[in-house]
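The values are calculated or read from the model by the stated rules, or taken from the named source; none is laboratory data. Every value quoted in this text rests on a predicted model; they were computed, and no experiment measured them. Neighbour counts run over all protein chains shown; Cβ positions are idealised from the backbone, glycine included.
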Amino acid sequence: MRKNITSTAFTIIALFVVVSITSCSTGKKLTSDKQNADKMFNEGNYGEALKYYEEIIKDYESKGKQQECPAYSKAGIAAYKSGNAEKAVQYLNSAVNSNFNTPETLLTLADIYHKEDNLSKELLTLEELVKKFPEAKNSTEVKKRLFKLYVESENFDKALKLWPEISTTSENNTELLTEYFIVLTGAGKNKEASVLAKKILKLDPDNVTVLEWQAKRYYTRAEKLYGKEMKAYQKNRTNAQYNKLIDALDIVSKDFNKSLKIFEKLYKMSPKKEYAKYLYYINDRLDNKQKAKYYKLKAGIK
C-alpha cells in the first residue's frame, strides 16, 4: 500500500514538473514571439510582424482565450498595411470583441471601410469609437469625420446633435461650415441657414452650395407669391384685389432680380444648363425677352 502511495506521489510530481516545464517553455515562446512581432512592426516590416502575431493568436485560440489575446489589434493593422484587408477586418473585429480594443483598432477598421466605400460600416465604427473613447487623442478629428458622414448619409438629426462638439474648432473652416449649412437646410432650419449663409459668403464669396440655395430660395419664393396672387386676382377681379396684386408683384420682382443676379454669377462661374433654365424662366417673368430667348437656347429648351 505504501509503495502504491509513493508511486502515485512520484507520478503526480513528475507530471507537475512536465507541466511546469511545458508552461515555462510556452511562456518563453510567447514572450519571444511578442518581442519579435513588436520589433518587426515598429520597423515597418508588417508582413513578418503578422507571422509572429498569428503565432500568438493561435496559442490563445487553442486555449479558448480569445478575449484575453493581446495580439489581434496589431495583427489587424499589420495585415492592413501588408495589403490584406480581408484578414485585417477579421483580426480587428476580434480585437473589438476582446479586452484589448483600442482607438487605433476602430480607426483602422473605419479606414478600411472607407477605402471599400462602405459608408454604413464606416459610420457605425466611428460612432463606436466616439462612444467608447470620447477622450481619445484625435477625438475632435474623428468627430469631424463622423459629422461629414452624417451629412453624406443625410442623418441631419445626428449631425445637429454632434455639431456643438466640433463647432468651436470650425469657426473659419468653410468646408465644415458649408456642411453644417447643408444640415440646417436639410433639417428645414432656414432662418439659421440664412444667417450662416452670410458668414460663409464673407469667407468664400464663390461658395456654390450657398449661392445655389440663395438663388433657388428667392426664385421659389417669387414663383409661389406670383402664382398665389395671380390666382386670387383671377378669382376675384376687384380694385382691392388688383392693388394687392400690384403690391405682391413689386415683392416678386425684387426676389426675381435677387435670384437673377446670383444665377448670372453662377452661370459665369460654370455655364450649366440648370442655371440657364432658371435664367430663362426669370427673364421671361421679368419680360426681358431678348435675354430669355438667349438662355432658352443655352438651356436646350425647345
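Data overview
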| item | result |
| --- | --- |
| Any chance Leu249 is at pLDDT 95 or above, assigned to a helix (DSSP H, G or I) and surrounded by 15 or more Cβ atoms within 10 Å (Cβ to Cβ) | no |
| The lone exception for Lys202 - which of (1) in contact with a helix residue (DSSP H, G or I) (Cβ under 9 Å, 6 or more places away or on another chain); (2) at pLDDT 95 or above; (3) exposed (fewer than 15 other Cβ atoms within 10 Å of the Cβ) it fails | (1) |
| Failed condition for Lys228, given (1) closer than 25 Å to Lys277 by Cβ; (2) modelled with pLDDT of 95 or more; (3) assigned to a helix (DSSP H, G or I); (4) charged (D, E, K, R) | (2) |
| Filter pass, Leu92 being touching a Leu at 6+ places or on another chain (Cβ under 9 Å) and at pLDDT 95 or above | yes |
| Selection status of Leu260, in contact with a Phe, Trp or Tyr (Cβ under 6 Å, 6 or more places away or on another chain), part of a helix (DSSP H, G or I) and either in contact (Cβ under 8 Å) with a residue 24 or more places away in the chain or not assigned by TED's automatic domain parsing to the domain that holds Lys198 (or both) | no |
| Breaking point among (1) of a type in the set (Gly, Ala, Ser); (2) surrounded by fewer than 20 Cβ atoms within 10 Å (Cβ to Cβ); (3) assigned to a helix (DSSP H, G or I), for Ala95 | (2) |
| Entirely in the stretch 124-219, the helices (runs of 4 or more DSSP H) that have 1 or more residues that are in contact with a Phe, Trp or Tyr (Cβ under 6 Å, 6 or more places away or on another chain) | 156-162, 174-186, 190-203 |
| Filtered residue count, the stretch 215-243, keeping only those that are among the small types (Gly, Ala, Ser) and either free of Cβ contacts under 8 Å to residues at least 24 places away in the same chain or in contact with a Cys (Cβ under 6 Å, 6 or more places away or on another chain) (or both) | 3 |
| Close pairs from the stretch 145-157: first free of Cβ contacts under 8 Å to residues at least 60 places away in the same chain and under 16 Å from Ala110 (Cβ atoms), partner buried (at least 16 other Cβ atoms within 10 Å of the Cβ) and of a type in the set (Lys, Arg), Cβ under 7 Å, at least 6 apart | Tyr150/Lys158 |
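Table: residues versus (1) at pLDDT 95 or above; (2) small (Gly, Ala, Ser); (3) loosely packed, with under 14 Cβ neighbours inside 10 Å; (4) touching a Lys or Arg at 6+ places or on another chain (Cβ under 8 Å).
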residue	(1), (2), (3), (4)
Tyr52	no, no, no, yes
Tyr60	no, no, no, no
Ala71	no, yes, no, yes
Leu119	yes, no, yes, no
Thr125	yes, no, no, no
Leu129	yes, no, no, no
Glu135	no, no, yes, no
Val142	yes, no, no, no
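So that you can scan it fast, the table gives a plain yes or no per residue for (1) small (Gly, Ala, Ser); (2) surrounded by fewer than 16 Cβ atoms within 10 Å (Cβ to Cβ); (3) over 34 Å from the mean Cα position of the chain (by Cα); (4) closer than 30 Å to Asp204 by Cα:
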position: Asn236; (1), (2), (3), (4): no, yes, yes, no
position: Tyr242; (1), (2), (3), (4): no, yes, yes, no
position: Leu245; (1), (2), (3), (4): no, no, yes, no
position: Leu266; (1), (2), (3), (4): no, no, no, yes
position: Met269; (1), (2), (3), (4): no, yes, no, yes
position: Ala276; (1), (2), (3), (4): yes, no, no, yes
position: Tyr280; (1), (2), (3), (4): no, no, yes, yes
position: Lys293; (1), (2), (3), (4): no, yes, yes, no
position: Lys298; (1), (2), (3), (4): no, no, yes, yes
